[in-house]
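Since every read-out is calculated from the coordinates, none of them should be taken as a lab result. Everything numeric in this text was worked out from a predicted model, so none of it was measured. No Cβ is skipped: glycine too gets one built from the backbone with ideal geometry, and neighbour counts run over all protein chains shown.
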Amino acid sequence: MRYIFLIVLFAMLAGCGKRSTPADLVIEGGKIYTMSDSQPVVEAVAVIGNKIVYVGSKQGAAEFKGGQTKVFDLKGNTMTPGFIEGHGHIMGLGYNEMQLDLMDVKSYDELVERVREAVAKAQPGQWILGRGWHQDRWDVKPKKMVKGFQTHQQLSAISPNNPVFLKHASGHAGFANAKAMQMAGVNQLSVEVLRRNTEEGGEIIRDELGNPTGLFNERAQQLIAQHIPETTEETDAQALELAIKACLRNGITSFHDAGAARNSIALFKKFKQQNKLDIGLYVMVTGFDPPLVYEHFRQGPMIDSLGHLTIRSVKLNCDGALGSRGAWLLEPYSDRPDFSGMATLSMDTVAKIAREGLKYGFQICSHAIGDRANREILDRYEAAFNENPDKAKDVRYRIEHAQHLAPSDIPRFAQLGVIPAMQANHLSSDRPWAIDRLGEKRIKEGAYMWQTLLKSGTKIVNGTDVPVEPINPLTSFFASVTRQTLKGMPEGGYEPAEKMTREQTLRSYTLDAAFGAFEEGIKGSIEVGKRADFTIFDQDIMTVADGDILKTNVAATVVGGRVVYEKK
């Protein structure tokens, strides 16, 4: 009898090693960075459904394995929390996959050749659209330039029967050929009238004879854009599908969409209903459509507790970009002393929306690159907070880019609880020529001030600003820790005291990015109870040499406990 009792007892004790509900997925076999202070690095993770149920040792994870458990072997690869794109334009990413991608062109001649190839495949009258060119990144500059930009004649010569419109990498300027300008009614005689009638914050660049050069800055782009055929539901759906696939290939599990239009929001909801939204979307309603903004104010925030699709923010576009000299500065541009950039939105409107955001429970996110734009927005935020202190607690208003700051404004972010959403890869792309725009003093004291902002007590949300830059987060990771161009220049980096550590950089792409969307309770770290969103790299990005960061690939992406991408 005693013998039988011991057998039963042994069986019961042995059974205690297994969970009554085994995990759906166990991931092990490599180093796992959690972004949790209690256990920063672990060996294994177990998942049931879309939630993490265990984080710890490989031995401990064995208790969660059952007959139906899928075991994902990292094979020595490195896993982190799912990377969060903290500021991008998801429909722009999708359409960039469908149109001419000009990010890598190295000269005006190469740009023209890309268009020539597209014209050869197009029907007469068909629009040729593209994005990504940046004159300051070209190895060879055109012989003729006006106010720092190329002129349209060479482009127009190879596209006489097709209207062409090519958006600058920043999205804050566009380049049109003669056919497009003819369709828009832009010529030497009409350009003055058009300039006067252009909305506030736009510029048509003209040569010394008053002829339009083809360059349309900021809101003047609308003169051309209004003649481009509208997208359709089918092309929008195709673009969103392509954008989601691009995110997953690059290890992006969630995406902060910086300015969504009405039709895009409807499409996001449709994709969610159809279970096709394979990434988390945190949506900022575009401020370009005030009726849409107020519709959402009246409806109230749409908060998804699972982090699939949340709409609780408004995006305001308040100035331009450095590349097109549209960023609004306190002092004139060093390379254009007659010009200080421009506000592209009335500061009275910013003040009003800042107050309305508090009233209706919406986060306000304002695009500001120049030091004056940043100061003006901080002033409006501060006034709104002071007027309604009870509702101004932990509202996490943001400034998107915060690229160039007056030194006295840097500590105000932490003091006001305002989050700078900064895209580190802009330094890699812009810093070599940005010094021409701002001069050495302004660059060193106030541009790309990551470490100074962090030391002041604020958090930074990182990202790429796709499609202004490619979606690959490792470009911004590399820029954050090296402050170099993607070619590794200069040695030691630009203003090296402002480098971020690798831990700070990973946090800016995970836990602090989640904080910027009020989602740190469900995303951003690998902890029990959080969403099972993971990015798996084929190298350890926390320890490899700086020069090897950009040689790292995404091996797999896991969203909500599902392996949604594996590199073949």
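Results, tabulated for the structure shown:
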{"quantity": "Computed label-point distance, nm, for sites residue 57 and residue 302 using a 7 Å Cα→Cβ extension", "calculated": "4.7 nm"}
{"quantity": "Region 318-500 - share of DSSP beta bridges that are antiparallel (%, nearest 5)", "calculated": "25 percent"}
{"quantity": "Local electrostatic count, residue 490, Cβ distance below 15 Å [Lys/Arg +1, Asp/Glu -1]", "calculated": "-1"}
{"quantity": "Label-to-label distance, nm, for residues given as residue 70 and residue 230 (7 Å Cα→Cβ offset)", "calculated": "4.1 nm"}
{"quantity": "Gained length - residue 237 relative to residue 394, 0.36 nm times residue gap less alpha-carbon distance", "calculated": "53.0 nm"}
{"quantity": "DSSP beta bridge pairing in the chain, given as percent antiparallel to the nearest 5", "calculated": "50 percent"}
{"quantity": "Sequence-separation-based contact order of the chain, relative, with Cα cut under 8 Å and 6+ spacing, percent", "calculated": "17 percent"}
{"quantity": "Cβ charges +1 (Lys, Arg) and -1 (Asp, Glu), total dipole of region 90-225, debye", "calculated": "200 debye"}
{"quantity": "Trypsin sites (Lys or Arg not before Pro) within region 317-412, DSSP loop, no more than 12 other Cβ atoms inside 10 Å", "calculated": "393"}
{"quantity": "Charge sum, other residues only, whose C-beta stays under 15 Å from residue 149's C-beta, Lys/Arg counted +1 and Asp/Glu -1", "calculated": "+3"}
{"quantity": "Over 43 Å [Cα-Cα, the chain], rounded percent", "calculated": "21 percent"}
{"quantity": "Relative contact order, percent, region 318-500 [alpha-carbon distance under 8 Å, six or more residues apart]", "calculated": "18 percent"}
{"quantity": "For region 318-500: rounded, prolate or oblate by the Cα gyration tensor [a/c cutoff 1.5]", "calculated": "prolate"}
{"quantity": "Separation of the residue 269 and residue 289 label points, Cα + 7 Å toward Cβ, nm", "calculated": "1.1 nm"}
{"quantity": "Too-long pairs where the Cα-Cα distance tops 20 Å, listed order kept, from 121/143; 530/551; 272/359; 70/567; 147/441", "calculated": "121/143; 530/551; 272/359; 147/441"}
